[in-house]
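Derivation of every value follows stated rules applied to the coordinates shown; laboratory data play no part. Only a predicted model underlies this, so the values are computations on that prediction, with no experimental measurement involved. Note: ideal-geometry Cβ built from the backbone for every residue, glycine included; neighbour counts use all protein chains shown.
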């Protein structure tokens with residue numbers, strides 16, 4: 001793939017002229033002149049011109065990877081404004097600056113300024129809409145669906161009671177755990193994600209610890225779907241597939257503190273300690289912007305589906321106290337663990 005300018009100019013000029021026009025190899029400046037001339041000549045004869053650039057993000061990705069700039073797109077906006085009844089629509093999954101995340105901060109700021117030449121129309125599905133998208137992406141046999149619904153009724157009600165929403169919407173995404181499912185919408189909106197594309201990537205691709213990987217494991221298990229796709233799997237999915245991306249995003253500080261807390265919890269005996277820490281860590285990173293908070297009551301109720309948390313908390317306080325004596329903790333790490341297991345002195 002080369003510069004996007006010749007392809008955009010060739011398509012637009014050919015459509016306006018009614019015959020093919022070759023602009024392969026033309027410079028950005030030559031492409032802009034050809035576009036402006038074509039628009040000016042046809043403006044009087046047309047009711048208007050709409051230029052739709054699908055997958056604009058791929059063009060920005062190329063410009064970023066090749067060390068290019070966005071002069072063409074900046075000037076294209078100026079050309080469109082200089083001719084009557086011309087609309088340029090670009091479809092992309094992130095902000096302009098996000099595509100330059102591997103470049104220096106000054107370049108990211110410049111790309112953000114170029115985006116200011118255009119008007120943003122964001123598609124931000126609500127939590128229920130995200131659940132609907134997920135639920136429509138796969139189907140479950142009626143018998144298994146009924147079994148899961150009966151078995152997970154308490155978990156569904158706990159999530160609805162604490163976060164709102166509808167039981168039916170959460171039930172439709174089983175065997176996704178209702179807590180993990182509630183976090184997928186907020187996950188898709190973070191700076192390191194690409195909205196609905198990230199949702200479908202999680203559902204459809206064969207990435208390690210993703211949903212399809214979970215389905216493969218369950219189909220090979222002696223008791224298929226005896227457990228849901230829970231928060232611990234979601235944590236592993238993020239850690240192994242997106243950890244390096246998150247560490248370079250605006251969520252890097254919270255992510256690194258969460259990783260530290262999870263690592264410390266993994267030193268304790270009992271999977272429930274690790275599971276609960278991963279739960280609080282993910283809510284700390286993903287939940288706040290969507291007013292999803294892992295309160296102690298909620299965390300306890302969810303954990304009681306697995307094991308008695310009163311006994312667990314007492315044991316963990318003693319073990320966490322020993323950890324604090326032997327290792328230094330950042331304030332963020334300590335706060336995550338304290339949220340999980342109570343104040344430890």
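Things worth noting here:
- Remark: 32, 176 ranked as 32, 176, counting other beta-carbon atoms within 10 Å and listing the fewest first.
- In this calculation the C-beta distance from residue 103 to residue 15 is compared with R0 = 35 Å, giving a FRET efficiency of 0.60.
- Projecting the alpha carbon convex hull of region 122-193 along each direction and taking the average yields 5.0 nm².
- Kirkwood hydrodynamic radius (C-alpha pairs) into Stokes-Einstein, region 24-162, 4 °C and 1.567 mPa s, D in µm²/s: 68 µm²/s
- As a calculated quantity, the FRET efficiency between residue 217 and residue 124 at R0 = 35 Å, using C-beta atoms, amounts to about 0.60.
- Cut-off 18 Å (backbone N to label point 7 Å along Cα→Cβ of residue 50), residues of region 4-19: 12-13, 15-16
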